[in-house]
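Q: Quick one: this structure, given as structure tokens, is what I'll be asking you about.
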């Protein structure tokens, strides 16, 4: 038995094939990482949009309860484009709301707050509805 031939190691072809397999696996992981980052960014923006919509809905319900009456119509926020306080990512949102009288009942009003934004994945939209009931309508 020839000891020199038995302990020779890997051939250049075997090393190249192993490097190709490893590089393909690394590209798959890199693609997965990019998708995770985009999904995380979308989740963050969606959370910010929901918070902006919820804050405006609560403000409008409070203002209505205090006696300020809004006509049934669509309103754009005077502060558009809206950014989130403390957010340094530069996210820009557009916020509007709509009052609908006598829905879902004759003595109720529906408020729909809509927040939209654009990013690299397209345009996104969040809507939150609230209902105010009162016998005075």
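Q: Could you state the angle between the C-alpha long axis of helix 12-65 and the longest principal axis of the C-alpha atoms of the chain, as a value from 0 to 90 degrees rounded to the nearest 10?
A: So the helix axis and the longest Cα principal axis differ by about 10 degrees.
Q: Going by how many other Cβ atoms sit within 10 Å of their own, how do 124, 69 line up, fewest first?
A: 69, 124
Q: Another one. Read through the labelled values (i) 1.04; (ii) 0.97; (iii) 1.98 and report the label of the one computed as Cα Rg over 2.2 N^0.38 Å from the structure.
A: Recomputing Cα Rg over 2.2 N^0.38 Å here gives the entry labelled (iii).
Q: Per the helix-only calculation at 222 nm, which mean residue ellipticity applies to the chain, given -39500 (n - 2.57) for every DSSP H run of n ≥ 4 and division by its residues, nearest 500 deg cm²/dmol? List each step's numbers first, then the result.
A: Numbers: 2 runs with 58 residues, N = 137.
Dividing the helical sum by the residues of the chain leaves -15000 deg cm²/dmol.
Each reported figure results from applying straightforward, stated rules to the coordinates on display, with no laboratory input. Here the structure is a predicted model, which means the values were calculated and not measured. Because the Cβ atoms are built from the backbone with ideal geometry, glycine has one as well, and the counts that use them run over all protein chains shown.
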